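The block underneath contains the structure these notes are about, expressed in structure tokens.
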Amino acid sequence: MADDLRRTYDRIAEHFAATREHAWPEVESFLDGRTGRWAVDVGCGNGRHTELLAAHADVAVGFDVSRGLLAEAEARAADRGFETALVQGDAAALPFHDGRFDLAVYVATLHHLRPRARRVASLDELARVLAPGGRAVVSAWATVHDRFADEHADADAGFDTHVDWTLPGGETVPRFYHIYAPAEFRADLDASRLVPTEVFVSSGNCYAVVGPASA
């Protein structure tokens, strides 16, 4: 499944990156007043949040399954003048030491993993690599998103779907999503080794600020 995701985002990387310029306000709010030595952006895409992390940590790591997106993140870092280490891999098997990161961003990536066991495994991995006292922000598309709200806003459980990405010229590339019901998002957090300190919905996404169970 990680290979499918990699191929999808390698195929759309350049166009996708061109449409993802600014950091999300919720990530900016999460990082406000927070600093650390090591930080990681899991599912970094074109590096827009890695750039933000680089202003809050001594070392900012961008991590993604797609080499194409990592190339876009590398180009952004060169253009913007921020330093980052870029690593390719699977969010459900992070290649980092236990307790390494003081800060982490894991946004708009969890919902691409399947099945549920891999999503929970990725949350466990995030807990494993967070330092004692470390904090992360996690997000995923929610059933209350405008795209789904008319049919699914009151759903108690999420659902699997595909959302097409349209390339210049009209070619469409399907992308897997698991759309979370807010209660289901909380249940998956509770099933993991993360400890949520804040869980909320904003701009059609489920969010959580979390720490490791040992914190």
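The values are calculated or read from the model by the stated rules, or taken from the named source; none is laboratory data. Keep in mind the model is a prediction, meaning the values are calculated, not measured. Quick reminder, even Gly has a Cβ in these numbers, built from the backbone with ideal geometry, and neighbours come from all protein chains shown.
The residues of the stretch 165-179 that are more than 17 Å from THR143 (Cβ to Cβ) and in contact (Cβ under 8 Å) with a residue 40 or more places away in the chain, listed by number, are TRP165, LEU167, PRO168, VAL173, PRO174, ARG175.
Here's the yes/no breakdown for (1) touching a helix residue (DSSP H, G or I) at 6+ places or on another chain (Cβ under 8 Å); (2) more than 24 Å from CYS206 (Cα to Cα); (3) of a type in the set (A, V, I, L, M, F, W, C):
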site: ARG7; (1), (2), (3): no, yes, no
site: ARG11; (1), (2), (3): yes, yes, no
site: GLU14; (1), (2), (3): yes, yes, no
site: VAL27; (1), (2), (3): yes, no, yes
site: LEU31; (1), (2), (3): yes, no, yes
site: ALA60; (1), (2), (3): yes, yes, yes
site: VAL65; (1), (2), (3): yes, no, yes
site: GLU72; (1), (2), (3): yes, yes, no
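Among the criteria (1) modelled with pLDDT of 95 or more; (2) surrounded by fewer than 21 Cβ atoms within 10 Å (Cβ to Cβ), the one ALA136 does not fulfil is (2). Among the residues of the stretch 28-47, which ones are touching a residue at least 12 places away in the same chain (Cβ under 8 Å) and surrounded by fewer than 20 Cβ atoms within 10 Å (Cβ to Cβ)? Matches in the stretch 28-47: GLU28, ARG34, THR35, ARG37. Give the stretch 97-113 a look and list any residue that's in contact with a strand residue (DSSP E or B) (Cβ under 7 Å, 6 or more places away or on another chain) and not charged (D, E, K, R), or say none. Those that are in contact with a strand residue (DSSP E or B) (Cβ under 7 Å, 6 or more places away or on another chain) and not charged (D, E, K, R): GLY99, PHE101, LEU103, ALA104, VAL105, TYR106, VAL107, ALA108, THR109, LEU110, HIS111, HIS112. Inclusion of ALA92 among residues that are touching a residue at least 40 places away in the same chain (Cβ under 8 Å), in a loop (DSSP other than H, G, I, E, B), hydrophobic (A, V, I, L, M, F, W, C) and in contact with a Lys or Arg (Cβ under 8 Å, 6 or more places away or on another chain) is warranted.
Screening HIS162 with (1) farther than 22 Å from ALA17 by Cβ; (2) of a type outside the set (A, V, I, L, M, F, W, C); (3) free of Cβ contacts under 8 Å to residues at least 24 places away in the same chain gives one miss only, at (1).
None of ASP146, ASP160, ASP164 is of a type outside the set (A, V, I, L, M, F, W, C), surrounded by fewer than 15 Cβ atoms within 10 Å (Cβ to Cβ), out of contact with any Leu (no Cβ under 7 Å at 6 or more places or on another chain) and not in a strand (DSSP E or B) except ASP146. Residues that are of a type in the set (D, E, K, R) and more than 16 Å from ALA39 (Cβ to Cβ) were ranked within the stretch 99-124; the one that is surrounded by the most Cβ atoms within 10 Å (Cβ to Cβ) is ARG119.
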